[in-house]
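Just so you know, all these numbers are worked out from the coordinates, no wet-lab data involved. Keep in mind that what you see is a predicted model, and the values were worked out from it rather than measured. Glycine also receives a Cβ, built like all others from the backbone with ideal geometry; neighbour counts cover every protein chain displayed.
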Amino acid sequence: MTRTICLVVLGLLILAPVRSPSVYADVEQSQESMLFSTVGFQSGVIDEMQGSTIRIDGRTYALKTAVVVVTHEMEPLEVERIVPTSLVKFHLKEGHIDKMVVTLPQ
């Protein structure tokens, strides 16, 4: 009986992937911060970007200081790379945009 338990435990240890929490913690945390639902987001077309403001469908919005901007593939996107005619889904918090999903023109 003891031998069977030892074999089962040894088998589980061999089959279980070995992960160092410190190695994967940063990757998992950055992935979690980039994944968010777009439920409740507004959508439109970007008319113009000017510093920390953006005009979408003729309406001007301010960007939060820590705005999260990602591509439609959920990859980080620098605000400077956003161009007019890009499609956008955005979330407003306290009247400012805090999250945006941008589809750049092809």
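Between THR53 and LYS93, what is 0.36 nm times their sequence separation minus the Cα-Cα distance? Round to one decimal in nm. Intermediate results must be reported in sequence, preceding the final value.
Numbers: separation 40, 0.36 × 40 = 14.40 nm, distance 1.45 nm.
Length difference between fully extended and current span is 13.0 nm.
Can you tell me the relative contact order of region 47-96? Whole percent, Cα pairs under 8 Å, sequence separation 6 or more. Provide the component values of the computation, followed by the final result.
Values: 42 pairs, mean separation 16.3, N = 50.
About 33 percent, as a whole number.
Give a residue-ordered list of calculated ³J(HN,Hα) values for region 38-55 (Karplus: 6.51 cos²θ - 1.76 cosθ + 1.60, θ = phi - 60°; whole Hz; x for Gly, Pro).
9, 5, x, 7, 8, 9, x, 10, 6, 8, 7, 10, 9, x, 9, 10, 9, 10
Could you work out the local net charge near VAL102, counting Lys and Arg as +1, Asp and Glu as -1, over the other residues with Cβ closer than 15 Å to its Cβ?
Once all neighbours under 15 Å are counted, the net charge is -4.
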